[in-house]
Every structure is written in structure tokens, then in C-alpha cells.
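S.K.: One structure coming up, written as C-alpha cells, with questions to follow.
The values are calculated or read from the model by the stated rules, or taken from the named source; none is laboratory data. Quantities reported herein were computed from a predicted structural model and do not represent experimental measurements. Cβ placement follows ideal geometry from the backbone for every residue including glycine, while neighbour counts extend to all protein chains displayed.
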Amino acid sequence: YKDHFMIGTLYHGEVLGNDIVNPYLEEEYAITEREFNVITAENCMKPMHIIGEKGEYNFDEADRFVKYASDKGLTIVGHTLVWKNSAPDWFFKNENGDAVSRDVLIARMTEYIDTVVSRYKGKIAYWDVVNEAVDVFPDGKGGRVAKLKSTPWYDIIGDDYIEIAYRTAHKADPSCKLLYNDYNMYNKEKTDFIVNMVNDFKSKGVPIHGIGSQAHMFIEHPKLDQIEYWLRKCADKQIPLHVTEMDISVLPNAWKHRGASVEDNFELAEEFNPYSEGISHDLLEQQAKRYADVFSLFLKYSENVERVTLWGVWDGNSWRNYHPMKGRTDYPLLFDRNFQKKPAYEALQKLI
Ligand code: XIL
């Protein structure tokens, strides 16, 4: 795949599922260095990990990540600078606990972006500057409309928080390519909105260099023609596309139970954790076919697809085991719990 687009994976650093020490670094690193040429930090570059409760910057883990990737010659993706309420609560509040003014939040946001991007100037090839800013809402007439969603950034600063973020990042590292990253791009209204936003930025001279489409998928969903829609749309408009967080869950879709804990709810557990005793070969084959079908589309549009990143190295260390609810057993990636290649890996090998 390296001849067609960059092929990427994740750095989990020392944490697994956010709070458990990762004892599998050695195995993960071996696969990473053998199979991939670009790497994204799963969590350690998010604002809540870099800027703590007291407002002091802590770059320990992010520095380790950048050193590891640089030492191994891996291209680095920084993820992410501005995302929902991913900064600590105090960031958006004054000493009385009230929301800060637009000017104060712009000052805090630009200082944060400048500090982080400057620190890794020349080392990070791509930054996901703004993550997940758009959502789709009912339009009141039975249809759907995509809009910027309510986040502390949007509510306090307004529409232009996005372009301010890009201009600030570009100033801090003019050679870095800046991406806008979002999920559910199979949704036509959302894709159209994002493509228009990026084109509008380009016409106004806002520095933005591509779209990131997360691609957290299921075996049946989204449909291939929905995936092709965003690939074709970005290609038609000549906006470079990065597939930034791909995985294919084999579990039932439980997003509506987001945050529920299976330990507390055995009915949900049974319904939503059917493969806790192990997964059938048949299902792994279905997943392999699905990976191959989706990658065939990426190859079809490979002139415009710059990168495909898998959101993890192996099944045991995937966020889909603990999102949207804890305690599930999923099999979404290319390597199994013994670090062996799965049928999905073999199917992708056969494609090229
Ligand atoms: C996820 C991580 O994988 C989890 O470990 C963490 O608990 C929550 O965030 N969209 C994104 C990623 O842009 O940053 C998210 O990563 C997955 C969804």
C-alpha cells in the first residue's frame, strides 16, 4: 500500500484504554515498524492530556511519541488541537466559574495552538487542527441539514473559531499540512457541508490542506456507495483526503447506549457483547471481505487519497472494546490478540 498512499497506525504510549499501563509496547512497535509508515497518537496529544487542571503544559508523553516516531523514520500526524470540550473545564471559564468572553477564549486557544505546534515545528507533517465540528440535524421538513455544532469553542467564539485555529497553526509551522477531521462522512449532507467549508476557506486564503475522514465502521454499515460518495466528492473538488481512523467493528452498533457500562446492565451485555467467548472464522472472513471492499475504493481514488490510517495495531488494544460502552470484546483491526495477521490482513495483501 505504501506505493499508493501512506499507511498508518496508532501510538498508544504507555496507556491502554486511557488508564492501564500498556504492557504490549514491544509487540506493537514491531508490527508498527514492519507494516506502517505514518503514525498518529491516540490520546497523548489531545488538549486534556497536554494541558492539565492547573494550566501547566505537560509534554512528557507527546515528546516520547515524537521521539519514537522520528527515530523510526515514521511520518507523524498530530491529533488534535481543537475538539469539542476536550480542553479542561477551566479553559472555558473565568475565576467565578462563568464562561469567558470571546476575546479571552481566542487568546487562550491561539496561545495553546501556538505553544503546541511550535514545539514540534518541522517534526509533525500533518495536524488535525479542528476535529468533529460539524453535525447533522433534522431540518424540520423531514430532511437533514448539516451545521457547525454547539461546543464551548463555537458557543463562545462563534463561526470563525475554525479559521482562527487554522491561521494560528499555520503561523506556528508554515510547512505543516493542516487537516480538518470528522466522523460519519458517509452522510451526504455532512460531506457536502465540510467540502464547502474547506473550499470557502481556500478561497479566503485560510491555510487548510485536506480533509480527514475517520472511518470507524461496521461490517454492514456504511454502505459502499455511501463511502464512495465522500471519496468521489473530495476527488472532484481536488481536496486531498486522509482516511484517519479506520476500524471495522464486528459488534452490534451500540452508539445509542453510549456511556452505559455492561457491568451494570447484563441485558445490554448479552445483546451487545455476543463474541466475548471468541469469534467465528466465518465472521472474520466477512470482515476480511469488508476490508477488501473498502480498500478497493481507496485504491480506486488513490490519486486523491494521501493516507489510510488504522485506528490501532491489534484487536486487544482497540477503543472499540470500550466505546461506546465498556467491557465489550471487539475484533476491529488487522492483527489479533496474539499479534498474528487476521484474514482481513491477508485479504488486503491479495488486493495489490
Ligand atoms: C478515542 C480514543 O481511541 C480513546 O482511547 C479515547 O478514550 C477517546 O478517543 N474520534 C477521534 C479520536 O477523533 O480521537 C477518538 O479516539 C475516536 C473518535
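S.K.: Test ILE162 against the criterion of being at pLDDT 95 or above, surrounded by 13 or more Cβ atoms within 10 Å (Cβ to Cβ) and over 21 Å from LYS190 (Cβ atoms), and give yes or no.
M.R.: On the way: at pLDDT 95 or above: yes; surrounded by 13 or more Cβ atoms within 10 Å (Cβ to Cβ): yes; over 21 Å from LYS190 (Cβ atoms): no.
Criteria not met by ILE162.
S.K.: Turning to a different aspect of this structure: Being modelled with pLDDT of 95 or more, over 16 Å from the mean Cα position of the chain (by Cα) and either on the phi > 0 side of the Ramachandran plot or of a type in the set (S, T, N, Q) (or both) is the filter here; which residues of the stretch 28-74 pass it?
M.R.: Scanning the stretch 28-74 gives THR32, ASN37, SER70, GLY73.
S.K.: Could we say that GLU42 is crowded, with 21+ Cβ neighbours inside 10 Å, over 21 Å from PRO240 (Cβ atoms) and within 14 Å of the ligand (Cβ to nearest atom) here? Full working, then the answer.
M.R.: Working: crowded, with 21+ Cβ neighbours inside 10 Å: yes; over 21 Å from PRO240 (Cβ atoms): yes; within 14 Å of the ligand (Cβ to nearest atom): yes.
So GLU42 fits the description; yes.
S.K.: Then there is this: When the stretch 127-182 is examined, which residues are found to be within 16 Å of the ligand (Cβ to nearest atom) and either assigned to a helix (DSSP H, G or I) or aliphatic (A, V, I, L, M) (or both)?
M.R.: Let us first name the residues in the stretch 127-182 that are within 16 Å of the ligand (Cβ to nearest atom), namely 127-135, 149, 151, 153, 162, 165, 178-182.
Of everything in the stretch 127-182, those that are within 16 Å of the ligand (Cβ to nearest atom) and either assigned to a helix (DSSP H, G or I) or aliphatic (A, V, I, L, M) (or both) turn out to be VAL129, VAL130, ALA133, VAL134, TRP153, ILE162, ALA165, LEU178, LEU179.
S.K.: Which residue, of ILE31, ILE51, is of a type in the set (Val, Ile, Thr) and farther than 24 Å from VAL305 by Cα?
M.R.: Working: ILE31 fails: farther than 24 Å from VAL305 by Cα.
Just a single option satisfies the conditions, and that option is ILE51.
S.K.: Pick from the stretch 185-212 the residues that are of a type in the set (S, T, N, Q) and surrounded by fewer than 20 Cβ atoms within 10 Å (Cβ to Cβ): which of them is farthest from GLU42 (Cα to Cα)?
M.R.: Applying the first criterion (of a type in the set (S, T, N, Q)) to the stretch 185-212 yields 187, 191, 196, 199, 203.
With surrounded by fewer than 20 Cβ atoms within 10 Å (Cβ to Cβ) added as a condition, the list becomes 196, 199, 203.
On the way: ASN196: 28, ASN199: 28, SER203: 32 Å.
Applying the filter and picking the extreme gives SER203.
S.K.: Mind listing whichever residues of the stretch 216-246 are among the hydroxyl-bearing types (Ser, Thr, Tyr) and either away from the ligand (no atom under 16 Å from the Cβ) or over 19 Å from the mean Cα position of the chain (by Cα) (or both)? Working first, answer last.
M.R.: Step one: filter the stretch 216-246 for residues among the hydroxyl-bearing types (Ser, Thr, Tyr), giving 229, 244.
Listed by number, the list holds a single entry, TYR229.
S.K.: Find all pairs meeting these conditions: Cβ atoms under 7 angstrom apart; at least six residues apart or on different chains; first residue within the stretch 148-161 and more than 12 Å from PHE91 (Cβ to Cβ) and free of Cβ contacts under 8 Å to residues at least 40 places away in the same chain; second residue surrounded by 13 or more Cβ atoms within 10 Å (Cβ to Cβ) and of a type in the set (Asp, Glu).
M.R.: What qualifies is LYS149/ASP135.
S.K.: Further question: Hydrophobic (A, V, I, L, M, F, W, C), within 16 Å of the ligand (Cβ to nearest atom) and either buried (at least 21 other Cβ atoms within 10 Å of the Cβ) or over 24 Å from LYS177 (Cα atoms) (or both): is that true of PHE65 in this structure?
M.R.: yes
S.K.: Another question about this same structure. Which of the residues belonging to the stretch 164-176 are of a type outside the set (Val, Ile, Thr) and in contact with an Asp or Glu (Cβ under 9 Å, 6 or more places away or on another chain)?
M.R.: First, pick out the residues of the stretch 164-176 that are of a type outside the set (Val, Ile, Thr): 165-167, 169-176.
The answer is ALA169, LYS171, ALA172.
Residues are listed down the side, and each one gets a yes or a no for (1) buried (at least 18 other Cβ atoms within 10 Å of the Cβ); (2) without any contact (Cβ under 8 Å) to a residue 60 or more places away in the chain; (3) more than 16 Å from the ligand (Cβ to nearest atom):
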residue	(1), (2), (3)
ILE248	yes, no, no
PHE266	no, yes, yes
ARG307	yes, no, no
ALA344	yes, no, yes
LYS350	no, yes, yes
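S.K.: Can I ask one more? On the given criteria, is VAL117 farther than 30 Å from ASP60 by Cβ, buried (at least 17 other Cβ atoms within 10 Å of the Cβ) and touching a helix residue (DSSP H, G or I) at 6+ places or on another chain (Cβ under 9 Å)?
M.R.: Numbers: farther than 30 Å from ASP60 by Cβ: no; buried (at least 17 other Cβ atoms within 10 Å of the Cβ): yes; touching a helix residue (DSSP H, G or I) at 6+ places or on another chain (Cβ under 9 Å): yes.
Spelling it out, it is not the case that VAL117 is farther than 30 Å from ASP60 by Cβ, buried (at least 17 other Cβ atoms within 10 Å of the Cβ) and touching a helix residue (DSSP H, G or I) at 6+ places or on another chain (Cβ under 9 Å).
S.K.: Looking at the stretch 312-342 only, could you name the residues that are without any contact (Cβ under 8 Å) to a residue 40 or more places away in the chain and in a helix (DSSP H, G or I)?
M.R.: Answer for the stretch 312-342, where residues must be without any contact (Cβ under 8 Å) to a residue 40 or more places away in the chain and in a helix (DSSP H, G or I): just ASP315.
S.K.: Continuing with the same structure: Looking for something away from the ligand (no atom under 16 Å from the Cβ), under 26 Å from LYS2 (Cβ atoms) and surrounded by 20 or more Cβ atoms within 10 Å (Cβ to Cβ) - is there at least one such residue anywhere in the stretch 276-287?
M.R.: yes
S.K.: Report, by residue number, each residue of the stretch 75-102 that is more than 18 Å from the chain's Cα centre (by Cα) and surrounded by 13 or more Cβ atoms within 10 Å (Cβ to Cβ). Show your work before the answer.
M.R.: Within the stretch 75-102, the first condition is being more than 18 Å from the chain's Cα centre (by Cα), and the residues that meet it are 88-102.
Scanning the stretch 75-102 gives PRO88, TRP90, PHE91, PHE92, LYS93, ALA99, VAL100, ARG102.
S.K.: Okay, moving on. For the stretch 314-332, enumerate the residues that are within 18 Å of VAL294 (Cα to Cα) and either away from the ligand (no atom under 12 Å from the Cβ) or surrounded by fewer than 23 Cβ atoms within 10 Å (Cβ to Cβ) (or both). Steps first, please.
M.R.: Residues of the stretch 314-332 that are within 18 Å of VAL294 (Cα to Cα), as a first pass: 331-332.
If the condition is that a residue be within 18 Å of VAL294 (Cα to Cα) and either away from the ligand (no atom under 12 Å from the Cβ) or surrounded by fewer than 23 Cβ atoms within 10 Å (Cβ to Cβ) (or both), then TYR331 is the only one that fits.
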